[in-house]
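Notes follow the structure.
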Amino acid sequence: MNNNRMKIGTIIAVLVVLSVLPFLLDSYLIHILNQIGIWVILTASLNLMVGYTGQLSFAHVGLFAVGAYTSAILTTSAGFSFWTSFPIAAIVAGVLGFIIGLPVLRFKTHFFAIVTLGFGEIIRLTIYNWRDLTGGPNGIYNIPFPTNILGLDFALREHFYYLILISAVLVVLFVKLLIGSRTGKAMIAIRENENFALFVGINTWKVKIFAFTLSAALAGFAGSLYASYNSYISPYSFTVSESVSILLMVIIGGMGTIIGPILGTTFLIFLPELLRSVSEWRMVIYGGLLVLTIMFMRDGILGLIKSFVRKKKHHSEKNLLSTGKEEAAIAGSERN
Amino acid sequence: MGDQIIQSILDGLVSGSIYGLMAIGFTLVFGIMHVINLAHGELYMLGAFTTFIMVGVYQINFFVAILAAMLIVGGLGFLIERYIFRPLRNTAMLNTLLASIGLSIFISNLVLKIAGTGMRSIPTPFSDKSFTIIGATISTHRLMVLLLTALLVAVLFWVIKFTKFGRSLRATSQDQDASALMGVNINLTYGLVFAISAGMAAMAGGLIGSLYVVDPTMGLGPGLKAFIIVILGGMGSVVGAIVGAFVMGYAETFTSLFWAASYQDLVGYILLILVLLLKPNGLFGGAKR
Amino acid sequence: MLEVKGISRFFKGLVALDDVTFTVKQGDILGIIGPNGAGKSTLFNCITCFFPPSKGEVYFEGKKITGLNPFQITELGLTRTFQHTQVFPKLSVYENITTGQYVMKRKDPSRTKRQLEQKAHEIMEFVGVSEYKDTTAENLSLGYQTRLAIGIALATEPKLFLLDEPAAGMNPEETKQLVHLLREIRTKLGVTIILIEHDMKAVMGLCDKIVVLEYGKKIAEGTPQEIQENPRVIEAYLGSEALA
Amino acid sequence: MLKIENLQVHYDKVQVIHDVSLEVNEGEIVTLIGSNGAGKTTLLRTISGIKRASGGSITFMGEPIHQMTSHKIVEMGIGHVPEGRHVFPDMSVYENLQMGAFRRKDSQAAIKKDLEHIFDLFPRLKERSQQMAGTMSGGEQQMLAIGRAIMAKPKLFLFDEPSLGIAPIIVAEIFKMIKKMNEEGSTILLVEQNANAALKISDRAYILETGKIGLEGQSSDLLNDDRVRKIYLGF
Amino acid sequence: GCSKGSEETSGKSGGSVETVEIGVVLATSGPIAQTGTWVLDGHKAAEKEINDNGGFKVGDKTYKVKIVQYDSEGRAESATAATEKLINQDKVPVILGTSISSETAAMIPIAQRAKTPLITFVAASDILTAQGASFFSQAAPANKNYVEAGTKTMKDMEMKNIAFIYVDDAWGQSYGKLYPPAMEEKGLKIVATEKFAPEQKEFMTMLNKVKAKNPDGIVLAAETELAVPLLKQLHEVMPDVKIMESGGSIPEELIKVAPDAVNGLVTLSRAGAVTPEITKFQELFAKSNSYKANSFNYSGYDGIHFIVDAMQRAGTVTDKEKINKAIRDAKYKGLIGTYSFNEKGENSLVGNRAIIKDGKVIYQTVNEPLPK
Ligand SMILES: Nc1ncnc2c1ncn2[C@@H]1O[C@H](COP(=O)(O)OP(=O)(O)OP(=O)(O)O)[C@@H](O)[C@H]1O
Ligand SMILES: Nc1ncnc2c1ncn2[C@@H]1O[C@H](COP(=O)(O)OP(=O)(O)OP(=O)(O)O)[C@@H](O)[C@H]1O
Ligand SMILES: [Mg+2]
Ligand SMILES: [Mg+2]
């Protein structure tokens, strides 16, 4: 009980600090925070698949792009405002996620990873080549900011910050509630042992497609925020290397936890910014630090913090793409 | 058109073997160590640079240089396995995948930092002479690539299938603990596998790098492509990797011939997905895993 | 309660099951024995729809279940354990059990969260893993993993429970406890049981009826007494000094 | 031949073997029994170097081996039939057996001869010599695992529950075989749940209770020990 | 570097010399780092020159130049973050960048909002000025200005049947749109059109397909990195064909890496005939760099001088609005021509050309006859 109260207290304190930041920081730092906020939504959505359902998706940057482009096209060519376009963007990305999910979710582990990577790239290349609709490599520019509400002027980084903050908090909260639910438990069971999950009565297919669709819709939502925050989007922002970065964010933070991806996102967006002062060696150091982080923080940043706090005995192996033992085990049971 | 199709068949063969050279090394590490080494492309780049330095700067014989590059990069691969992948062994596969991503960023930027952005090209001893086979032409250099790939595949296939070392590789890939109980030196085996894979990437770098240009970012595309091909072919299978490479090579060649070269990647990905939908374990993937 | 009608299963030319037919009565414990590779696990896989039989059908409470999905069968009240014990490796014992309760919401929506929690504790107590409540499942020894697997299965509240060699790796005392547990499962929970087991003491002591498979064919069926005296079974499976 | 002194083994921070000392003399069959989770498997894995000890020592033929890597230990002559069989699933039965002889430097002919010997012992393996081991039934795999260990011609065998999941008729065979192997000169450390059978064929026995040696003695004595009879023999 | 540079005094030559920080965003790592690095080297050469000469005067004050450069890695996210940092933390009065259109396009709205002049000397895509940002100016010769020079050159090279091959990126696509009508107007016949992906290294099939159409001239639009493998393979397939490249490639680089394949190649160029200023710059450049200056170095060098000129005319090193106005009103003669802008921020630089002959590069305007 006490523990819980402390947790809630911490969360409220963090939220209070977060909400006064625009009064304390300059626009550059607010911009970085805004980027983090948008990416937190994206990584929370990816975490649903990777961390909780155990499916290594590389399609999320593609779905993010779909959200961004839907929103951008609606607001620039069809006269929609952000407020009407973002739900549509989320729905379009969700529907596309569902359609992609139908064939893709039959695959597991590497095959799932590579097929989703394929779909992500197909989305990007379609955007790249469908010039009439998307502007092709030229991208879409002059995407309007959300129209002002509640006295907030979204052309200002500091004001947009609140929109992003609220969205991110809501999405993270939503993910947390979902994970606590029966469906969330089913997702975790699938991650742990998919074939066995069937035998405790989980319709694994349905749960997976639900998770994928939902997570696609969240990615689409993040995309629509991204488009109207930046005013300009181009297919160059949605490449495989971006997929890799968000995956790193989820995992380095500590996947399958709520806070992990937030920490990871913050770390991996701040790190290169901090390194700007050593500009010459920046990317070398970044790459080296990544390797070291993975080698010495198996459970991600969150794991490291936890082992400092010594609250729980840590789990040494995370599950995704496990060394293949479980699969061998279940395959064995099929044979024996 | 007929001539062009024959020519394209030959072109596809060359493209396929170029991809094959990359993919075999990748699939070895993947199949035996269960490590998805996304830094494979960077090893290829290092191979090209090493060859370049030896041939371009020190005027060493091209073939000797490639051989030396294989040894040097192979040795580096051994060290990488020892100090990065071994500590991560037996943890989730994702860890090694991520470490390899970090490694790839590290290596390519380090080379960029040291060597600068400039492009280089490796002088080759091959003459401009080309051969004409039933109306299609192929240069000496490309013919060389083709033959070397064929040779390498044959040797590798034989080693894995029929030698004791090959058997221990397969055993280790299937059950590490049990192989240790049979007396297989796991650390050495993994180190060698990684070294062989790195050496092959280096050979590809020297041979192919001299066809194109050598620069610090040249590994990015081929590394990813190797991964895709390996999955397409069926992971861990050497034959699969080769067949996958040729399927990819021909898909691109014919896209280029009948449509436009710029749609190659799109077609490649669609093909990958279609193949996996029909054969979920890849073209040569076993029924399991 | 369960009718298995003429089931066959082929693996690339190998006949793993050959036209096997039998029935199980409500409340019975049926034993399935046979030499290694006789097709016992394959039979379980066909019944629980892990994969379909090549021929034949299975009826559960009069309803044809062949062709259904495993999760549907679990909902119907048929559940199993695996020869190669299956659990959710990274979850705690308690979480494993509650995951097993997934279907309860469908089966009996009236149950409250508290009731389910209490039930989960009862199950852990029942199968004897309470003291490992917070241990990660993969760190349990094999024997305890087997118990946990039984616990997970019980959490789905099955009417028919199939166990594939649960006593493997247990010592006689533990096997005794297991036999006791299975009896209780039958009497207290009213669950019908099908059991694959090589431990003859357990099988003979527990089962009402035994089916013997060899090379995929049913070679005998009867009470433990009949089976023990069946010369064909002795020759194929028990061996002359089996019960020594 | 094998001497374990004050062995300590940890998984992460949890200690599962506490101060265990035991000894196996040349030519003996020594049985190790204990309940689930007592640490029997862990002990065997530590002997063959797959798991590292955190304290204590293991000496084999006078040489300390607790720091050696497994392939060295295998070379010194320890063969291990692991719990859960661990055959190579995607290799044929034949290749699995060949893997058993991996460290042997004998001629092909000698190896071939031993293969035939295994096939005599387990005709089922001969029948299925080209089948992928992973598709064999549990019992078949167990036979294969034993056969594979014999192929290495070790001086000391570690058996981890060889009767697990095996039909009674074959269990009897396996125990007979172990006895026979012993008579032909092999030393054996046997972990078994089927304590009755194990104690009958063994010379001495240890009882492991949650990571500690609870009892040790002549097998015949233990067979008659009340506590042992109740817990491990089921009388 | 979070100092408020314009206020800070640098103690070196007396107390009165202040430093002006000029913001630069360029991709110096990532897949397209080459051009950015060249431009940056040009910037640095100018910085050094100005400071070695004791700085520059605005009104009666003397200032030194300090370049604050951030790497954008080829990623729009990094470019925007760098821009925000330059504006809000380094508080630079003006930003130069980048060499990549997609990055620059993402930076424009930020600069516009912060009313900070942004000017690119390299990114040539027409989408940049299309945003209609008053604080953005494009000082790179636009593609449409090159088309004129291009068609003229094709005529001069006496190409009859032309195969047109371009890279399928923002820059190449704009040629894909611009060239065909312009060529048709000039009576130049296109027998084949091919586009390829920027990642592509293998061109055999495409080239064999082109070869089947028997062209006598090839018109290329490809950046140096992409052009090299393409030209090498082109040399294998059609050793005798005439080739014109449309200004994406740096001839000195081509000679360096593919000497055999590029003999006789004509490439459009931002730099024209070698002037005394260019010669002087090349000598200066050679002092601190290990390679021979190329036209992207020229652009970088021009960039810093251009800004200094604008500040001098604006009479301020801090007032961003005034500096921006001075930029837009410029008539500055640099190494590659005279920079001036229309109200949309488009420049009026024209295309020149460079001819590779026997390992040498000959620069000229398109009005001069091609060397024999
Ligand atoms: N997936 C498969 N592919 C090929 N053959 C298989 C497969 N699964 C089982 N078999 C074969 O079918 C036969 C029956 O296997 P099954 O696992 O049902 O035996 P079992 O009676 O359970 O034996 P045990 O008591 O040893 O567990 C065996 O010979 C086995 O090798
Ligand atoms: N990989 C592991 N990580 C953490 N703990 C483990 C691991 N493997 C085993 N243990 C723990 O070590 C203890 C001993 O396990 P071990 O497998 O050696 O027992 P055992 O005597 O072989 O039991 P069984 O008869 O069930 O096979 C158990 O408490 C088990 O939970
Ligand atoms: Mg079985
Ligand atoms: Mg054990």
Positive dipole terminus of the protein assembly as shown, leading residue within E:Leu207, E:Leu349, A:Thr266 (C-beta point charges): A:Thr266
Let me confirm one metric for peptide E:103-110, namely the mean number of other chain beta-carbon atoms within 10 Å of its residues' beta-carbons. 5
For the range A:24-239, the accessible surface attributable to carbon and sulfur atoms (probe 1.4 angstrom, ligands and nucleic acids excluded) amounts in percent to 72
Only bridges with both residues in the protein assembly as shown count here: give the DSSP antiparallel percent, nearest 5. 50
Return the sequence-ordered ³J(HN,Hα) values of the range A:155-162 in whole Hz as given by the Karplus equation 6.51 cos²θ - 1.76 cosθ + 1.60 applied to θ = phi - 60°, using x for Gly and Pro. 6, 8, 3, 5, 7, 4, 3, 5
Distance in nm between B:Thr163 and C:Gln225 label points, each 7 Å along Cα→Cβ, equals 6.7
Would you kindly calculate the translational diffusion coefficient of the range B:29-152, applying Stokes-Einstein with the Kirkwood radius from alpha carbon pairs, for 10 °C and a viscosity of 1.306 mPa s, and quote it in µm² s⁻¹ without decimals? 95
C:Asp199, E:Asp60, ranked by accessible area, largest first (probe 1.4 Å): E:Asp60, C:Asp199
Treat every Asp and Glu Cβ in the protein assembly as shown as -1 and every Lys and Arg Cβ as +1, leave all other atoms uncharged, and give the resulting dipole magnitude about the Cα centre to the nearest 20 debye. 960
Considering only D:Gln98, D:Thr42, D:Ile188, whose Cα is most displaced toward the positive end of the charge dipole of chain D, charges sitting on Cβ of Lys, Arg (+1) and Asp, Glu (-1)? D:Gln98
Convex hull around the C-alpha positions of the range B:2-278: the volume in Å³ per residue is 138
With all protein chains present and a 1.4 Å probe, how do E:Thr279, B:Thr217 order by accessible area, largest first? E:Thr279, B:Thr217
How much accessible surface area, in Å² rounded to 10, belongs to the heavy atoms of D:Met132 with a 1.4 Å probe? 70
Most fluctuating of B:Ala178, B:Ala69, B:Ala226 in the GNM of chain B (C-alpha, under 10 Å) is B:Ala178
The summed charge of the B:Ser256 Cβ neighbourhood (under 12 Å; Lys/Arg +1, Asp/Glu -1) stands at -3
So, with points 7 Å from each Cα along the Cβ direction, the D:Ser21-C:Lys55 label distance in nm works out to 6.6
How many square angstrom of accessible surface are buried between A and C, both sides summed, with a 1.4 Å probe and rounding to 100? 2800
Spelling out what I want: for every residue of the range C:145-151, take phi, set θ = phi - 60°, compute 6.51 cos²θ - 1.76 cosθ + 1.60 (Karplus), and round to whole Hz; glycine and proline get x. 4, 4, 4, 4, 4, 5, x
Mind putting a number on the dipole of chain C about its Cα centre? Charges go on the C-beta only, +1 for Lys and Arg and -1 for Asp and Glu, and I need it in Debye to the nearest 20. 900
Listed residues D:Tyr206, D:Tyr94, D:Tyr11, most fluctuating in chain D (Gaussian network, C-alpha, under 10 Å): D:Tyr11
So, R0 is 45 Å and r is the distance between the beta-carbons of A:Ser81 and A:Ile305; what FRET efficiency does that work out to, to 0.05? 0.65
Candidate residues E:Glu225, E:Glu194, C:Glu117: accessible-area rank, largest first, probe 1.4 Å: C:Glu117, E:Glu225, E:Glu194
What percentage of all Cα-Cα pairs in the range E:274-332 are separated by more than 16 Å? 51
Alpha carbon convex hull of the range E:121-192, projected area averaged over orientations, nm²: 5.3
GNM top mover of D:Glu209, D:Glu184, D:Glu26 - chain D, alpha-carbon springs below 10 Å: D:Glu184
Accessible area per residue in Å² at 1.4 Å probe, computed on the protein assembly as shown: 36
Once you compute Rg and the Kirkwood Rh from C-alpha atoms, what is the Rg to Rh ratio for the protein assembly as shown? 1.02
Determine ³J(HN,Hα), in whole Hz, for all residues of the range A:280-297 in sequence, where each value follows from phi through the Karplus function 6.51 cos²θ - 1.76 cosθ + 1.60 and θ = phi - 60°; x replaces Gly and Pro. 4, 9, 3, 6, 5, 5, 4, x, x, 5, 4, 4, 5, 4, 5, 6, 10, 10
Among B:Gly236, B:Ala202, B:Phe246, the residue whose Cα sits farthest towards the positive end of the charge dipole of the range B:140-289, when +1 is placed on the Cβ of each Lys and Arg and -1 on the Cβ of each Asp and Glu, is B:Gly236
At what distance in nm do the modelled label points of D:Glu209 and C:Tyr215 sit from each other, each positioned 7 Å from its Cα along Cα→Cβ? 5.0
Work out the FRET efficiency for E:Asp216 and A:Leu292 from their Cβ-Cβ distance, taking R0 = 60 Å, and round it to the nearest 0.05. 0.55
Comparing the chain by itself with all protein chains present, which residues of the range D:3-32 are at least 10 Å² less accessible (probe 1.4 Å)? D:Asp12, D:Lys13, D:Val14
Residues of the range A:80-111 with accessible area at least 10 Å² lower in the all-protein-chain context than alone (1.4 Å probe)? A:Pro103, A:Arg106, A:Phe107, A:His110, A:Phe111
The range B:2-278, accessible surface, carbon-and-sulfur percent (1.4 angstrom probe): 72
If each part is reduced to its alpha-carbon centroid, the range E:221-293 and the range A:109-133 end up apart, in Å, by 35
Gap separating the Cα centres of the range C:45-75 and the range B:95-174, nearest whole Å: 50
Determine the distance separating the Cα centre of the range C:187-244 from the Cα centre of the range A:44-67; give it in Å without decimals. 51
Rounded to the nearest 0.05, what FRET efficiency is calculated for D:Lys72 and D:Lys200 with R0 set to 41 Å and r the Cβ-Cβ distance? 0.75
Once you have the alpha carbon radius of gyration of the range C:88-155, what is it after dividing by 2.2 N^0.38 Å, with N set to its residue count? 1.04
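The values are calculated or read from the model by the stated rules, or taken from the named source; none is laboratory data. Just so it is clear, the model here is predicted, and its values are computed rather than measured. Every residue, glycine among them, receives a Cβ derived from its backbone with ideal geometry; neighbour counts consider all protein chains shown. Only protein heavy atoms, including side chains, enter the accessible area calculation; ligands, DNA and RNA are left aside. Shrake-Rupley method; radii C 1.70, N 1.55, O 1.52, S 1.80 Å.
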